[in-house]
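Read-outs throughout are calculated quantities, based only on the coordinates presented, and are distinct from any laboratory measurement. Predicted model only: the values in this text are computed from it and were never measured. Here the Cβ is made from the backbone with ideal geometry for all residues, glycine too, and neighbour counts use every protein chain on show.
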Amino acid sequence: MKNENPENISPMEKQILAEELTAGMESEKPQKPKQIFKFNFVSFHQVLVSKFKKIIRPKPIAISLIILAIVLVFLAIVLISKDKPQQEDLATIKVTISSPQAVIDQEIENTKKEVSVFNDELESLDSELNSIKFPQIDLDINFD
Amino acid sequence: MSLQLLIANRKSLIVKIIAISLVLVAFPTISPLITSHFSLLKAQTTIDAAKENYSIQLTRYNDTKESYITAKSNYIAFKSATSKSEAFLKTKDYLISVDELLLTYIELVRSFGNSTKWQSSSFNKENIDNILDQESSIIKDLKNKVNQTTTLEESIPVSRELKNQLGNSTSPKINKIIVTFDIAQTESTFAKFNQLSVYLNEFVKSRIKPQNQAILANWQSETVDIQEKTQKNLDLAKESYQKIRDDRNNQFQIQQTSKINTLAKDELKRSKNLFEEMLKII
């Protein structure tokens, strides 16, 4: 029951009234957060999608750049591997031009290698021909 | 949701493209490295593979032989149809394993022939390959005959045919081929010795100090001595080789030939430190 005179409202009643007022206001509020939440989700989603699109749009360019990088690395490896023997050749040419003694040393080294190869061949004379002797096979099949 | 799927599919497509590109790039880079070293390892790998196959077949041969002996004993003891059937099946398995052993053995011999150096040889490798092909073909025919047997009685004449083939053809021919490999190897090394001694003689002569002339002279006489003795023994080995028959086993002649060839090898081995010694006195 309501008191017409506000001065006669007890603190308890005031508190109750205040709570009723706030409850009334809160009953209106939930609608707003729901609306806001939905709106924020959509915008957040849109932001994500737009970011993905930024990444995805130049995809063909990205793929072609990757393939180009791989091809370039491959060509670099081929060129480097081709360069090495040329560098070795250049090194030997430099030795022969600059020093006759170095030429003789190189010839001695080559001859030593030939001798070493020959000695290896001498070692292999005692080869494994003993390991390929004809197998002993028993073919006396009878059932007497 | 559909957009997320689209994103996921595109990502997997990118990954697939990158993976395929890496494979396409890696293959031509790696393959030359593989092929450049493959030829160096090919001969030895072939011999090793042939040895392994032969070893496997040898094990199988021993196993089937045991089974055959057991089945034979049972048949002789019981003389029943079941024991006879079992004896036949085990005999058949045994004969097939004999054929397979011989085929892998022929391939092993062939692999040794392929690794032997024939450039300076007086023998013809083609003839040897033809002999091995012929023997291989005959063994395969005999294997087919064994496969076609259905009774114990049929397996006995086939086994006799195989025995005759081995005794009168396969074994003598292959034993002779092995001696051929041995002599060819010695011939190749001797040719190399001749080549190197001539080259080294000129090389050292132009660089040797006057005080070492006596060493050079004695070195020259030593190499000439090695050359003459090796040539002599090689000629004797080839002469003995001609007496080896290929229609029956003649172990004595084979051993004789191998013995003389070993003398030729021993003479060649005297040169081992001789060449190195001359390089030190330059």
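With a sphere of radius 12 Å drawn around the Cβ of B:Ser271, what net charge do the other residues whose Cβ falls strictly inside it have (Lys, Arg +1; Asp, Glu -1)? Intermediate results must be reported in sequence, preceding the final value.
Details: positive: B:Lys192, B:Lys229, B:Lys265, B:Lys269, B:Arg270, B:Lys272; negative: A:Glu121, B:Glu222, B:Asp225, B:Asp266, B:Glu267, B:Glu276, B:Glu277.
Taking every Cβ under 12 Å from that of B:Ser271, the sum is -1.
Output the Kirkwood hydrodynamic radius of the range B:179-282, Cα pairs only, in Å rounded to one decimal.
The answer is 15.1 Å.
Give the residues of the range B:220-240 whose amide nitrogen is closer than 19 Å to a point set 7 Å from the Cα of B:Asn201 in the direction of its Cβ.
B:220-233
Run the simple label-point estimate for B:Lys229 and B:Glu277 please: 7 Å along Cα→C-beta, distance reported in nm.
Placing both labels 7 Å along Cα→Cβ, they lie 1.3 nm apart.
Ordered by residue, what ³J(HN,Hα) values in Hz, to whole numbers, does the range B:195-212 give under the Karplus form 6.51 cos²θ - 1.76 cosθ + 1.60, where θ = phi - 60° and Gly and Pro are x?
4, 5, 5, 5, 4, 5, 4, 5, 4, 6, 4, 7, 10, 6, 7, x, 5, 9
Once you have the alpha carbon radius of gyration of the range B:225-282, what is it after dividing by 2.2 N^0.38 Å, with N set to its residue count?
1.51
Send over the Kirkwood Rh of chain B, from the inverse of the averaged 1/r over different Cα pairs, rounded to one decimal Å.
24.5 Å
For the range B:68-168, go through all pairs of different Cα atoms, get the mean of 1/r, take its inverse, and jot down that Kirkwood value in Å. Walk me through the numbers on the way to the answer.
Values: mean 1/r = 0.0645 Å⁻¹.
Across the range B:68-168, the inverse of the average 1/r is 15.5 Å.
Just to be sure I understand the model, the point goes 7 Å from the Cα along the line to the Cβ. What's the resulting A:Ser124 to A:Ser10 distance in nm?
Taking the two extended label points, one gets 11.8 nm.
What net charge is computed for the residues neighbouring B:Glu66, neighbours being all others with C-beta under 12 Å from the C-beta of B:Glu66, Lys and Arg scored +1, Asp and Glu -1?
Neighbourhood net charge equals +1.
Could you tally the net charge around B:Glu153, taking each other residue with its Cβ under 13 Å from the Cβ of B:Glu153, Lys/Arg +1 and Asp/Glu -1?
Combined, the nearby Lys, Arg, Asp and Glu give +1.
Over what distance in Å are the Cα centres of the range B:60-92 and the range B:101-131 separated?
The two parts, judged by their Cα centres, are 37 Å apart.
Return the distance in nm (one decimal) between the two label points of a simple spin-label model at B:Asp133 and A:Val73, each offset 7 Å from Cα along Cα→Cβ.
If labels sit at B:Asp133 and A:Val73, their model points lie 4.9 nm apart.
Greater than 18 Å separation of Cα atoms is the criterion. Which listed pairs, A:Lys133/B:Lys238; B:Lys173/B:Lys243; A:Lys112/B:Lys280, meet it?
Over 18 Å apart, Cα to Cα: A:Lys133/B:Lys238.
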